[in-house]
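The values are calculated or read from the model by the stated rules, or taken from the named source; none is laboratory data. In this text, all values refer to a predicted model and were calculated from it rather than measured experimentally. Positions of Cβ are generated from backbone atoms using ideal geometry, with glycine treated the same way; all protein chains shown enter the neighbour counts.
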Amino acid sequence: MDDRLALLGRLQDAFLTDVPGADPRAPVPACGRWRVRNLVEHVGRIHHWAAAQARRRQETPLGRGPFDLAPFYAEQAAELRETLASLDPDARAWTLLETDDPGSTVRFWHRRQVHETLVHLHDLRAATGRVVDDVAPDVWADTVDEVVTVVQPRQVRLGRMAPLERPVTLAATDTPRTWVLGAADGTPAEVRLAAPARELALVLWRRVPPDPAVAAGLTLDGDRTALDAALAERITP
């Protein structure tokens, strides 16, 4: 996969390019009561917070707003990108992992912010009736991998959900990658969900339902109730 800092910059640029053409009052599909203004401010705030986490410092409050959206986002995006570029990727950082986890380094934020930006770029384009169709399948596959190996296990660790009793096999049809969601105790999966990596990622992040009529190229083998039970849990924040 491409260098993640360069990829982050491209995704941030794409997000920023789309902000001026989006109605700030437009609803954001699959994001509850959020409007475009809420989405853009959220991503900017997350970039600002992540930059501080990478430096192991508390972030400076940005205030309540409202903000001029494009300049606001541009400033926070630049802060994050410049912060990550200035730090040794292997330096210790505050992350979403355990403090003593070997992966708690600045490099963690290279990956996490790529996927944060990518999923929310999907949200921004969905609010204007468009799709993200210019990101490589291996990037989307890494989004899936992060949910399976980092995000969902963290939800269990924080007590936000119980371990899945019925794991789910996920297969990306446009990359040679497969995963088992919730396989901590070795229980075999009862269902296999196959789809292009983008659709798998968007299903896991609850942006699209696991429905072939909505998520193109999706097939399901096995017990559908096992998939429904997994997706009913808080596998992502």
Just one listed residue, out of D142, D134, is charged (D, E, K, R), part of a helix (DSSP H, G or I) and under 17 Å from the mean Cα position of the chain (by Cα), and it is D142
Within the stretch 196-237, residues at positive phi and either in contact with a strand residue (DSSP E or B) (Cβ under 7 Å, 6 or more places away or on another chain) or of a type in the set (G, A, S) (or both) come out as G217, G222
Within the stretch 164-176, the residues that are surrounded by fewer than 17 Cβ atoms within 10 Å (Cβ to Cβ) and modelled with pLDDT of 95 or more are T173, P176
Residue pairs within 6 Å by beta carbon, gap of at least six or interchain, first lying in the stretch 121-146 and under 22 Å from P29 (Cβ atoms), second in a helix (DSSP H, G or I) and β-branched (V, I, T), listed first then second, are A127/V36
Of the residues in the stretch 18-46 that are over 14 Å from R64 (Cα atoms) and among the small types (G, A, S), the one that is surrounded by the most Cβ atoms within 10 Å (Cβ to Cβ) is A22
Cβ pairs under 6 Å, 6+ apart or interchain, first in the stretch 47-62 and in contact (Cβ under 8 Å) with a residue 12 or more places away in the chain, second of a type in the set (S, T, N, Q) and surrounded by 15 or more Cβ atoms within 10 Å (Cβ to Cβ), ordered by first then second residue, are H47/Q76; H48/Q76; A50/Q113; A51/T83; A54/T83
L220 vs (1) in contact with a Leu (Cβ under 6 Å, 6 or more places away or on another chain); (2) assigned to a loop (DSSP other than H, G, I, E, B): all pass except (2)
- Query: Does any residue of the stretch 222-235 turn out to be free of Cβ contacts under 8 Å to residues at least 60 places away in the same chain, surrounded by fewer than 19 Cβ atoms within 10 Å (Cβ to Cβ) and in contact with a helix residue (DSSP H, G or I) (Cβ under 9 Å, 6 or more places away or on another chain)?
  - Reply: yes
Q.
When you check L80 against the structure, is it under 17 Å from the mean Cα position of the chain (by Cα) and surrounded by fewer than 21 Cβ atoms within 10 Å (Cβ to Cβ), yes or no?
A. no
When D101 is run through (1) more than 21 Å from V28 (Cα to Cα); (2) surrounded by 16 or more Cβ atoms within 10 Å (Cβ to Cβ); (3) acidic (D, E), the failure sits at (2)
Checked the stretch 198-237 for anything over 13 Å from T169 (Cα atoms), modelled with pLDDT of 95 or more, under 20 Å from the mean Cα position of the chain (by Cα) and small (G, A, S); matches are A201, A232
Checked the stretch 74-101 for anything of a type in the set (D, E, K, R) and not in a loop (DSSP other than H, G, I, E, B); matches are E75, E79, R81, E82, R92
